[in-house]
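Worksheet: the structure to be examined is printed underneath.
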Amino acid sequence: MSDMNGYGELSRATEPLTRGTQYKGYEPTQDRCLVRRDPKVCAQGGIVIPEQAQIYGREAEVLAVGPQVVQIQPGDRVLTAYGDGSKVEIDGEDVFVILEKQIFVITPK
């Protein structure tokens with residue numbers, strides 16, 4: 001039995017499996033990152049925004065990264081665009097899954 005896939009290339013089954021990092025047992029796939037954003041609780045004028053109307057800020061903490069992520073590591077503080085990513089709930093905590101290319105800046109810690 002050959003390791004070739006019929007096109008003169010090795011099949012994916014023979015490639016080494018690279019793993020990303022996990023957060024509470026969840027591991028992002030490919031070039032995705034799992035981040036935690038802090039909600040904006042005050043408007044510019046100091047008005048407190050109700051919980052249902054809160055928007056999540058641009059600054060986030062990276063919790064886990066997929067195996068194809070190159071520049072970002074867990075624990076990094078990053079800036080993203082408003083509305084980027086998919087919101088998911090893990091153990092009652094709101095986190096976001098975003099692509100590495102949606103991260104604009106790694107901020108100083």
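I'd like to know if segment 27-43 contains one or more residues that are modelled with pLDDT of 90 or more and exposed (fewer than 13 other Cβ atoms within 10 Å of the Cβ).
Yes, segment 27-43 contains at least one residue that is modelled with pLDDT of 90 or more and exposed (fewer than 13 other Cβ atoms within 10 Å of the Cβ).
Going through segment 58-85 one residue at a time, which ones are within 12 Å of residue 37 (Cβ to Cβ) and exposed (fewer than 13 other Cβ atoms within 10 Å of the Cβ)?
Once the filter is applied, which keeps residues that are within 12 Å of residue 37 (Cβ to Cβ) and exposed (fewer than 13 other Cβ atoms within 10 Å of the Cβ), segment 58-85 yields 81, 82, 83.
Within segment 73-109, can you find the residues that are more than 20 Å from residue 19 (Cα to Cα) and under 12 Å from the mean Cα position of the chain (by Cα)?
77, 78, 79, 80, 84, 85, 86, 87, 88, 95, 102, 103
Please determine, by comparing only the residues of segment 89-109 that are outside any strand (DSSP E or B) and over 13 Å from residue 33 (Cβ atoms), which one is modelled with the lowest pLDDT.
Filtering first and then ranking leaves 109.
Can you find even one residue in segment 72-88 that is in contact with a strand residue (DSSP E or B) (Cβ under 7 Å, 6 or more places away or on another chain), assigned to a loop (DSSP other than H, G, I, E, B) and hydroxyl-bearing (Ser, Thr, Tyr)?
Within segment 72-88, one or more residues are in contact with a strand residue (DSSP E or B) (Cβ under 7 Å, 6 or more places away or on another chain), assigned to a loop (DSSP other than H, G, I, E, B) and hydroxyl-bearing (Ser, Thr, Tyr).
Being modelled with pLDDT of 90 or more, within 12 Å of the chain's Cα centre (by Cα), farther than 15 Å from residue 20 by Cα and of a type in the set (A, V, I, L, M) is the requirement here; does residue 65 meet it?
Here the answer is no, as residue 65 does not meet what is asked.
The values are calculated or read from the model by the stated rules, or taken from the named source; none is laboratory data. Keep in mind that this is a model prediction, so the values were computed, not measured. Every residue, glycine among them, receives a Cβ derived from its backbone with ideal geometry; neighbour counts consider all protein chains shown.
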